[in-house]
Amino acid sequence: MVPGVVHNISLIINKSSDISHPNPTKGKFRSAYLQMSSAAIPKFQTAAWIDTPGPNTKPYLRYDIPIPTPSNGEVLVKLDCTGVCHSDVHAILGETKRMAVHIGGHEGVGKVISLGPLVPSSFLNTRVGVKWLYSSCLSCEVCAVNYIHCPNQSNSGRNVPGTFQQYVVAPAKFVTQIPDELESSKAAPLLCAGLTVFGAIKKAGLKPGEWMVIMGAGGGLGHLGVQIARKMALRVIAVGSGEKKRTLCTKLGAELFLDYRVDDVERVVKDLTNGYGAHAVICATGNDAAYAQALQLVRIMGTVVCVGLSQSTLTVSPLQVAIRGLKIVGSTVGTEEDMDELLRMAVAGDVVPEVEVFELERLHDVVQRIADGTIVGKAVMNLSF
Ligand SMILES: [Zn+2]
Ligand SMILES: [Zn+2]
């Protein structure tokens, strides 16, 4: 016990609790600090390494990556698995020019095996998720409103090493406790894809019985969005392509699946909605044509939620936005409260991620398949070896 250190912990708690502390387990910070022995932890680990992001980049395995030591407030997590997000694919292929580290990934699930100073012992051996939002400053004016938009934030796989590796350190305040009932491979896709689409659906603010179109419905975000929207008693029209995605979306409760390659999506959506269009359109794909179509599918006073990442420009005239009273909003990840609510939905069986598990050495194939849109549901990389 170090009195000075304990005093600092209480300062952190008091300061953070004023601005909606992101971690519901914050009470655990009141426990004594304990530095665990790391004698049993090896020195090196395996990671999927990306030399330089770009269209021809091929991630490859490296076996000489040092296992980091957790600093103040951090935990060391031995990962079971990690999801692969479409934004990882954009980053690896150099499309978003945001990747400043060599190890991507931000949907990791694993066990806490070592604690840095200031972390309570109750964290040890718990199973946690490491997410895109690695940390926020919790002290700026944006954080005072909503820390997920903090301009000083760090992100796993963007500016701190991500989860395409066996071991990762992360701030204890920002990891998510994973319920015992959930398998790691089913929890991983909820940490970004699930949380993001959950936040987006909430931002649409619809009432039960209203129409929601989900573009990119059979993909990583979309197939979770269909389930979440159905749980909220929304009427879901899924838009995607291919028979596998049609089968999945219909099974998950979409009232209708429209294949944008063959169906007249706009006509069918208008026919179904008395000619008005949907109350909200969630664009869960970064496809530019989907964004253009989303603006045609939404009704007067409706909401388009931008979720799928695209670098190009959304083309809509201010005249259209004004005359039709449209709302165009953005959404990225969600709060820790959203995360817990979503995990509870998963435990209850209301949201079940469809996953395909791959060995880490296949990351390159997985990246290509996600880019091609041929993964149904979510790809998860196994890290427990
Ligand atoms: Zn993501
Ligand atoms: Zn901040």
Show the residue pairs meeting these rules: Cβ distance below 6 Å; 6+ apart or different chains; first residue within the stretch 75-91 and over 12 Å from Leu363 (Cβ atoms); second residue of a type in the set (D, E, K, R) and away from ligand 1 (no atom under 16 Å from the Cβ).
Lys78/Lys111
Looking at the stretch 183-206, I want the residues that are more than 16 Å from Gly219 (Cα to Cα) and have a partner that is within 16 Å of ligand 2 (Cβ to nearest atom) and outside any helix (DSSP H, G or I) with Cβ atoms under 8 Å, at least 6 apart or on another chain. Which pairs are those?
Gly199/Thr332; Gly199/Val333; Gly199/Thr335
May I ask you to list pairs of residues, at least six apart or on different chains, whose Cβ atoms are under 7 Å apart, with the first in the stretch 245-259 being in the same structural domain as Ala233 (by TED's automatic domain parsing) and surrounded by 15 or more Cβ atoms within 10 Å (Cβ to Cβ) and the second being among the hydroxyl-bearing types (Ser, Thr, Tyr) and in a loop (DSSP other than H, G, I, E, B)?
Asp259/Ser241
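Can you tell me which residue in the stretch 255-283 is modelled with the highest pLDDT, limited to those that are farther than 13 Å from Gly302 by Cα and aromatic (Phe, Trp, Tyr)?
Of the stretch 255-283, the ones farther than 13 Å from Gly302 by Cα are 255-272, 274-275, 283.
Those left that are additionally aromatic (Phe, Trp, Tyr): 257, 260.
Values: Phe257: 96, Tyr260: 92.
Only one residue tops the list, namely Phe257.
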Within the stretch 138-155, can one find any residue that is surrounded by 24 or more Cβ atoms within 10 Å (Cβ to Cβ), not in a helix (DSSP H, G or I) and not hydroxyl-bearing (Ser, Thr, Tyr)?
no
Please count how many residues of the stretch 367-381 are within 16 Å of the chain's Cα centre (by Cα) and not basic (Lys, Arg).
5
Helices (runs of 4 or more DSSP H) wholly inside the stretch 183-259 containing at least 2 residues that are hydroxyl-bearing (Ser, Thr, Tyr) and farther than 15 Å from Thr285 by Cβ:
184-189, 243-251
Mind checking whether some residue in the stretch 110-127 is of a type outside the set (A, V, I, L, M, F, W, C), within 15 Å of ligand 1 (Cβ to nearest atom) and outside any loop (DSSP other than H, G, I, E, B)?
no
Quick check on the stretch 227-244. Is at least one of its residues within 16 Å of ligand 2 (Cβ to nearest atom) and out of contact with any Pro (no Cβ under 7 Å at 6 or more places or on another chain)?
no
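The values are calculated or read from the model by the stated rules, or taken from the named source; none is laboratory data. On a predicted model such as this, the values are computed, not experimentally measured, just so you know. So basically every Cβ, Gly included, is an ideal-geometry build from the backbone, and we count neighbours across all protein chains shown.
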